[in-house]
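The structure appears right after this line, and notes come after that.
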Amino acid sequence: MLERDNPISVRSKRLITEALLEIMEEVPFAKISIRDIVDKAGLTRQTFYHNFESKEDVLIHKLDDLFDGFFQYLIDNKVADCENIVKFYFRYWQNNADFLKLLIKNNLVYILELRYPEYFKIVQLVYLRDKNISQIEAEYIYAFVSGAVINLLITWINGGQVMTPKEMAEFVMIILEGRFYDLHISQLEKVARLDDAAKMKNSHEI
């Protein structure tokens, strides 16, 4: 990521990526061959394998490009606080929802899960490098954040993006700060629910 290839390779990768995504609009990913891709791109199989190892590798390249664009935006605009990072994360994916929908439709969301560890390393280097965080804590943070962020993003896209990126960021912050429960349930109701839970537990034991 953030690497600079030679112009010929950059062009070939772009043509191959565009060809694959265009074909995926009509044909399931599993049924697309390398020959289909290179014919669409006007290139040779040799050129394909000079730049990529597989069809999945093409999608990973596209995903890396998207992350590079997102991360560069954060750098250029000096976005440093968590809420704005989350807001621009959802806004960025909103602008690139077609690609994400293709992954969802073809059961390829696992590619996100494969790449997020690499993305998190970069985020950790920039935003957490001065924090006194152990390796195990960093791993737990990644496990929590990546799982939540991916699943929330997929749910948001599948649901038609009813909430705006700003609203999503505010919602995420409420959850992260532990305020969701307090905002929606009074202290009196919390006690009542605990009492109900205790009664249910006792009834099952009987």
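FYI, it's all coordinate maths here, none of it is from the lab. In this text, all values refer to a predicted model and were calculated from it rather than measured experimentally. FYI the Cβ positions are ideal-geometry reconstructions off the backbone, even for glycines, and counts take in every protein chain you see.
Some notes on this structure:
- Residue within segment 113-132 that is over 23 Å from ALA169 (Cβ atoms), in a helix (DSSP H, G or I), in contact with a helix residue (DSSP H, G or I) (Cβ under 8 Å, 6 or more places away or on another chain) and among the aliphatic types (A, V, I, L, M) present: yes
- Some residue of segment 68-84 being basic (Lys, Arg), surrounded by fewer than 17 Cβ atoms within 10 Å (Cβ to Cβ), assigned to a helix (DSSP H, G or I) and over 16 Å from the mean Cα position of the chain (by Cα): no
- The set of residues from segment 1-25 being more than 24 Å from the chain's Cα centre (by Cα) and assigned to a loop (DSSP other than H, G, I, E, B) comprises ASP5, ASN6.
- Checked against (1) surrounded by 14 or more Cβ atoms within 10 Å (Cβ to Cβ); (2) part of a helix (DSSP H, G or I), LEU108 passes all but condition (2).
- Segment 60-81 residues that are closer than 14 Å to TYR92 by Cα, paired with ones that are in a helix (DSSP H, G or I) and of a type in the set (D, E, K, R) (beta carbon under 6 Å, 6 or more apart): LEU63/ARG115
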